[in-house]
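Data first, discussion second: the structure below is written as structure tokens.
The values are calculated or read from the model by the stated rules, or taken from the named source; none is laboratory data. If you're wondering where the values come from, they're calculated on a predicted model, not measured in any experiment. Surface areas here come from the heavy atoms of the whole protein model, side chains and all, with no ligands, DNA or RNA. Shrake-Rupley method; radii C 1.70, N 1.55, O 1.52, S 1.80 Å.
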Amino acid sequence: TECILEPLSLPESPGGVAVESSPYVPCIFCKECYVLAEQNQLLKHMIIEHKLVIADVKLVADFRSYILHWKRRFAEQPITDFCSVIRTNSKAPLEEQDNYFLLCDALPEDRLLREQLQQKKLREILEQQQQERYDTSFHSVCMFCDQEFTGNRSVLLNHMAREHAFNIGLPDNIVNCYEFLAVLQGKLDSLQCLYCEKVFRDKNTLKDHMRKKQHRRINAKNKEYDKFYIINYLEFGKSWEEVQSEDDRELLDNLEEDWSDWEEHPVCAVCLFCEEQADTTEKLYLHMQKSHGFHFPKIKSEHGLNFYQQVKLVNFIRREIHHCRCYNCQEKECSNSNASVQHLLRDKYGSVVSVVTSFGYYFPTYENDTLLCTLSDSEDVITEDQSEEVPVVSEDISSLKALKQSSVLNQLLC
């Protein structure tokens, strides 16, 4: 019997389009330009030369886009239409007084801009994280033992946590892992402790210090690391410390909260027989009926399929199509999935339900099969024959050798 020994994935919609970016950021008022990494120099220039102060700039998700927006707006309207005016030396003679302009999120347009940039950044970060989670081309060297690791990033991170007691967090909580590791490696190469950030005279002294002082961890107060953790992108205007310090008990005060603004994500389920996707199950069922002659609701109703029987049916068809195999003859005569579909179409699925008996079909053929999440119990009256629950099989463990040979779990390998 052929086995599926690794997770399969259905085709997904293409991701976001990359947006061009520039390493330079212009001054809002003049032609001066600064490298993005020199953000503080630009802010200092705008304070000294143009008397502009930007509040909470560290919480702006995309500094360059923020500056470009206000550069355009200040060219259209006077700065006093947007900024609060702060007068310094107000008791001094008029010629010694200065007017500074404060740009902050108390201005509705500024707050809306910051929220939009935050949402855009969050989408980009989640896409990057998703890509890294399933990337199998990762290659890096352990910072402590120089052992090479290839495959998924989690292999290296778990190794450092297990073998060297160096834990920077769960892999799924980290983004831009390559850059993160490069930053940490750079500090070690500079003989700097990752926790207290003291610099030592040689590598052995540094190692002894980090081991004895239990400094094999990063300094959570160092803002340089914030960009590598998903939690710092989740809520507008909040750092990870603020998010973590929030008391969940506040949720109890909002039991009557209005959920009318809840936006449900589209289903994006994939057809059983081709790569067609639909954002609702109704559209998907209609597609399968028109394009493949497969009327899922009708089959479900006629055979009185409960939830678990539907799951087995979906997983069975998925597997037959994946193997390019006819379910009836069980021979791999079909050269491609289209031919498999034609085999299935001949019988009009009448006997498909009866052959789906293996326990293995309780498990998804594709790990990201959204269609399985949309299935529900039949709305028809359940007959006595159809009222059986999912079987629970007990096994005799007195003889482990016999159990290995006769266990129903062997069917999962089919």
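Distance from the Cα centroid of region 72-93 to that of region 284-300 is 65 Å (rounded to whole angstrom). Surface exposure of region 24-114, expressed per residue as accessible area with a 1.4 Å probe, stands at 60 Å². Going down the list Lys290/Lys312; Lys44/Lys120; Lys198/Lys223; Lys198/Lys221; Lys51/Lys221, which pairs span over 21 Å between their C-alpha atoms? Too far apart for the 21 Å limit: Lys290/Lys312; Lys44/Lys120; Lys51/Lys221.
Distances between placed amide hydrogens fall under 5 Å for Ile86 paired with Tyr100, Phe101, Leu102, all partners being 5 or more residues away or on another chain.
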